[in-house]
Amino acid sequence: MAIPKDARIDLSLEDIPKKWYNMAADIPDLKPMIHPATKEPVKEEDFKAIFCDTIVKQELSKERFIDIPEEVRTALVNLNRPSPLQRAYRLEKYLKTPAKIYFKREDLSPLGSHKGNTALAQAYYNANSGIHTLTTETGAGQWGTALAMVSNLFDIKTTVFMVKGSFIAKPLRKTIINTYGATVYASPSEYTDFGRKVLKEHPETSGSLGIAISEACEMAAKDEHTCYALGSVMNHVMLHQTVIGEEALKQFEIGEIEPDYMIACVGGGSNFAGFTFPFLREKKNGKFKDAEVITVEPKAAPTLTKGEFKYDFGDTAGMTPLMMMYSLGSEYIPPSIHAGGLRYHGMSPLVSAVFDHHDISATSYDQTDTFQAGITFARTEGIIPAPESCHALKCAIDKALECKAKNEEKTIVFNLSGHGLLDLYGYEQALDGTLPHSGQ
């Protein structure tokens, strides 16, 4: 029996995208970020205390396509770009669905997730600007891992503030980040004024991404030789991740695939944006007219499904500009869940804008359901997904079961944003029945 042509669709090294796609160019009514003191739209100089010049220019750019530097493009090979598009034949068979299920394999990066796509770009631009000290936040640890590793390529010293709940639940993340040469602290920490303030007021807190962002920004703002690197939310991060979606479009063309559903998890928005923004561009240009693009979030942080579209801070201390986004409130600390990368109070302004325009839809799940989806995927496809990715997988399974009930042969594509090999404590709880429910 011949191997089906769509079992795995690979691209050549020459197919690594040469340009990033900037969704900001195609949202004419995109609201500007506002300086909290002046109440005026932010200017380039407002960011220079924490970002290098090129990152600032990309953040505020309305240029539709931005060239990927050749040094970055070459280094993307080491992150397993281009990544395969694979068909989940065994999952389809298990579900007895007529639907076709495909997944984009960001889990095959040596860093374990999609986060290296922007870590590489940010480290490159900072080093080119003469910056060799970076600070950052991380939730589950995927972003911190990525930045710690690529910092070695550019002789950068990196400090990572990791959300305390994940720091405790996933101790091997600390080992990996330290092995790559970075320093990692549980957040809130004793190393910043804001961290000490939070610990004094809430000594038992599990922390949040908003708090960790505040600590990293404070450390960068206090040292002119230190810059801040961000793992999600802001426009330049969404931009760098579009290599995922540009590759996927080529793979759809090669495999003659017409997606009916494009699905990805959302926390701050980076893997979702990277996977779907090029697709949404083509959809607006007349392709994939009937396709539905779905964001999937945890019930513990239901930003799009229950949040308010408003100007809010991206961090808890109020150090960032005010951004027009769906938010649960910058002081909201989500319940502790294993999908730490989705445990954020707000949403990327770009993702928020396309949601507000009804170009995408949103749903949310309890972690008990998403981990069961992950177990099913492990037993059929042999891959243990990250808890974050399990949210997209759960939605894909639900859509496949809907197709089964209606006897519809639809095509479902989801982004497997990372592997779960450092999240086995969560799987252990799911297997022995002790995994707690999550949600508001």
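The values are calculated or read from the model by the stated rules, or taken from the named source; none is laboratory data. Every value quoted in this text rests on a predicted model; they were computed, and no experiment measured them. Glycine gets a Cβ as well: all are built from the backbone with ideal geometry, and neighbour counts include every protein chain shown. Surface accessibility is based on the protein's heavy atoms, side chains included, excluding ligands, DNA and RNA. Shrake-Rupley method; radii C 1.70, N 1.55, O 1.52, S 1.80 Å.
Rounded to the nearest 20, the size of the Cβ-charge dipole of region 326-440 about its Cα centre is 160 debye, with Lys and Arg at +1 and Asp and Glu at -1.
Each DSSP beta bridge with both residues in region 251-325 is either parallel or antiparallel, and the antiparallel ones are about 45%.
Excluding same-chain neighbours fewer than eight residues apart, the lysines reachable from LYS250 by a Cα-Cα span under 16 Å are LYS5, LYS18, LYS19, LYS104, LYS283, LYS287. Working note: Karplus 6.51/-1.76/1.60 with θ = phi - 60° gives region 403-410 the couplings 4, 4, 5, 9, 6, 10, 8, 8 Hz, where Gly and Pro are set to x.
Put a plus charge on the Cβ of each Lys and Arg, a minus charge on the Cβ of each Asp and Glu, and nothing anywhere else: the dipole of region 262-399 about its Cα centre is then about 320 debye. Need the C-alpha centroid separation for region 382-400 versus region 23-58, integer Å. The distance from the Cα centre of region 382-400 to that of region 23-58 comes to 34 Å. In a reduced charge model with +1 at each Lys and Arg Cβ and -1 at each Asp and Glu Cβ, region 165-292 shows a dipole moment near 200 debye about its Cα centre. Surface calculation, 1.4 Å probe, protein heavy atoms: TYR425 sits at approximately 120 Å² accessible.
Derived scalar couplings between HN and Hα for region 308-314 equal 10, 7, 7, 6, 8, 6, x Hz in order, rounded to whole Hz, by the Karplus curve 6.51 cos²θ - 1.76 cosθ + 1.60 (θ = phi - 60°), x for Gly and Pro. Per-residue Karplus couplings for region 288-297, computed as 6.51 cos²θ - 1.76 cosθ + 1.60 with θ equal to phi - 60°, are listed in order as 6, 4, 9, 6, 9, 10, 10, 8, 10, 10 Hz, Gly and Pro entered as x. Please find the FRET efficiency linking THR183 to ALA405, where r is the Cβ-Cβ separation and R0 is fixed at 35 Å, and quote it to the nearest 0.05. Here the calculated transfer efficiency is 0.10. Using a Gaussian network for the chain with springs between C-alpha atoms less than 10 Å apart, which of these wobbles most: PRO32, PRO298, PRO188? Greatest mean-square fluctuation among the candidates belongs to PRO32. Sort region 109-198 into rounded, prolate or oblate with this rule: let a ≥ b ≥ c be the square roots of the eigenvalues of the Cα gyration tensor; rounded if a/c is under 1.5, and if a/c is not under 1.5, prolate when a/b is larger than b/c, oblate otherwise. Oblate, since a/c reaches 1.5 and b/c is not below a/b. Qualifying GluC sites (Glu not before Pro) in region 398-440, where qualification requires a DSSP coil assignment and no more than 14 other C-beta atoms within 10 Å, comprise GLU408, GLU409. Just report the Cα centroid separation between region 278-316 and region 111-149, whole Å. Spelled out, the Cα-based centre of one part sits 24 Å from the other. For a straight C-alpha distance cut-off of 19 angstrom, the lysines reachable from LYS96 (same-chain residues fewer than eight places away being disregarded) are LYS394, LYS399, LYS404, LYS406, LYS410.
Contact order for region 1-99, expressed relative to its length and based on alpha carbon pairs under 8 Å spaced 6+ residues apart, stands at 47 percent. Computed over the chain with a Gaussian network model linking Cα atoms closer than 10 Å, the most mobile of VAL237, VAL56, VAL351 is VAL56.
With all protein chains kept in place, the per residue accessible area of the chain amounts to 39 square angstrom at a probe of 1.4 angstrom. Just one of (i) 20.2, 68; (ii) 24.8, 79; (iii) 21.7, 67 is Rg and Dmax of the Cα atoms in Å as worked out from the coordinates here. Which one is it? Here Rg and Dmax of the Cα atoms in Å agrees with entry (i).
Considering helices alone, the calculated mean residue ellipticity of the chain at 222 nm is -11500 deg cm²/dmol, with DSSP H runs of length four and up weighted by -39500 (n - 2.57) and normalised per residue. Amide H to amide H distances under 5 Å link PHE161 with THR136, GLU137, THR138, TYR185, where only residues 5 or more positions off or on other chains count and H is placed in the peptide plane. Scanning residues 5 or more positions from LYS310 or on other chains, those with amide H under 5 Å from its amide H are MET325, TYR326, SER327, with H placed 1.01 Å from N in the peptide plane.
The DSSP beta bridges internal to the chain are antiparallel in roughly 35% of cases. In the complete set of protein chains, residue-level accessible area for GLU201 is approximately 100 Å², probe 1.4 angstrom.
A 1.4 Å probe, protein heavy atoms only, puts the accessible area of PHE371 near 0 Å².
The order of SER61, SER129, SER389 by accessible area, most exposed first and with a 1.4 Å probe, is SER129, SER61, SER389.
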